[in-house]
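The values are calculated or read from the model by the stated rules, or taken from the named source; none is laboratory data. Since the model is a prediction, treat every value here as computed from it, not as a measurement. Cβ atoms come from the backbone with ideal geometry, glycine included; neighbour counts cover every protein chain shown. Just so you know, the surface numbers come from the protein's heavy atoms only, side chains and all, with ligands and any DNA or RNA stripped out. Shrake-Rupley method; radii C 1.70, N 1.55, O 1.52, S 1.80 Å.
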Amino acid sequence: KAFFRAVPPASHVEVVAYSSMFGSAWGLLLLLPTGELGAALRHGAKQPQVLPLLVGSSICGYASVSVVLLLIKLYGATVTELVKSMRKVLTVALSFVLYPKPFSWKYAVGGAAVLISLAATQELQRRKGGDVSPAEGGEAQPFARDTSEEDSRADRSSDVGSVDDDPHDK
């Protein structure tokens, strides 16, 4: 979230590019001393279907990360986590339809607990005022606290004097 609040804000393409670069560097540093990189390259050379699957997986991963970063930028981290959690809940529910399995009360209790926690998180976020508000052009801006009432109170108190002001001290 901080990447999008910096001046100037980072684009989601920059965030994905840098995180992928750092992740690749760390992966390479870990694979080289163990010898697993050579084994993986030999396996890829023997199995021609590995490269298209790897490219397809990379494209899907990039799309997924881009969507998550865009959601964070537009709606904030909390709403994004709610969306990601709800997707997982729906995936589990869909698995019961597509791959029938015995249903027990434990699944219902677990599902209810997850849904209650998601609803509670959403309600707390709503009361707090949310992470960001969409502005014109689709760019997110932090929610600003409405200080107009506080400002008017401060103006009135400066005219009259505050409670701590004792007229005898002047």
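Here are some residues: Ser19, Ser66. Which one is surrounded by 14 or more Cβ atoms within 10 Å (Cβ to Cβ), under 30 Å from Lys128 (Cβ atoms) and hydroxyl-bearing (Ser, Thr, Tyr)?
Only one candidate qualifies: Ser66.
Residues of region 48-87 being part of a loop (DSSP other than H, G, I, E, B) and either in contact with a Cys (Cβ under 6 Å, 6 or more places away or on another chain) or more than 30 Å from Arg127 (Cβ to Cβ) (or both), which ones?
First pass over region 48-87, keeping only residues part of a loop (DSSP other than H, G, I, E, B): 48-49, 76.
Correct list: Pro48, Gln49.
Would you confirm, using the coordinates I've provided, whether Ser117 is more than 26 Å from Val68 (Cα to Cα) and of a type in the set (S, T, N, Q)?
No, not satisfied.
If only one of Ala45, Ala25 is at pLDDT 90 or above, open to solvent by less than 60 Å² (accessible area, probe 1.4 Å), over 30 Å from Arg126 (Cβ atoms) and small (Gly, Ala, Ser), which one is it? Show your work before the answer.
Details: Ala45 fails: open to solvent by less than 60 Å² (accessible area, probe 1.4 Å).
It is Ala25.
Scan region 48-62 for residues that are small (Gly, Ala, Ser) and surrounded by 11 or more Cβ atoms within 10 Å (Cβ to Cβ) and report the count.
Qualifying residue count for the region: 2.
List every residue pair whose Cβ atoms sit under 6 Å apart, with the two residues 6 or more apart in sequence or on different chains, where the first one lies in region 101-120 and is within 17 Å of Lys84 (Cβ to Cβ) and the second, anywhere, is part of a helix (DSSP H, G or I) and not aliphatic (A, V, I, L, M).
Qualifying pairs under 6 Å: Leu118/Ser85.
Among the residues of region 49-84, how many are in contact (Cβ under 8 Å) with a residue 24 or more places away in the chain and over 23 Å from Pro9 (Cα atoms)?
The qualifying residues number 1.
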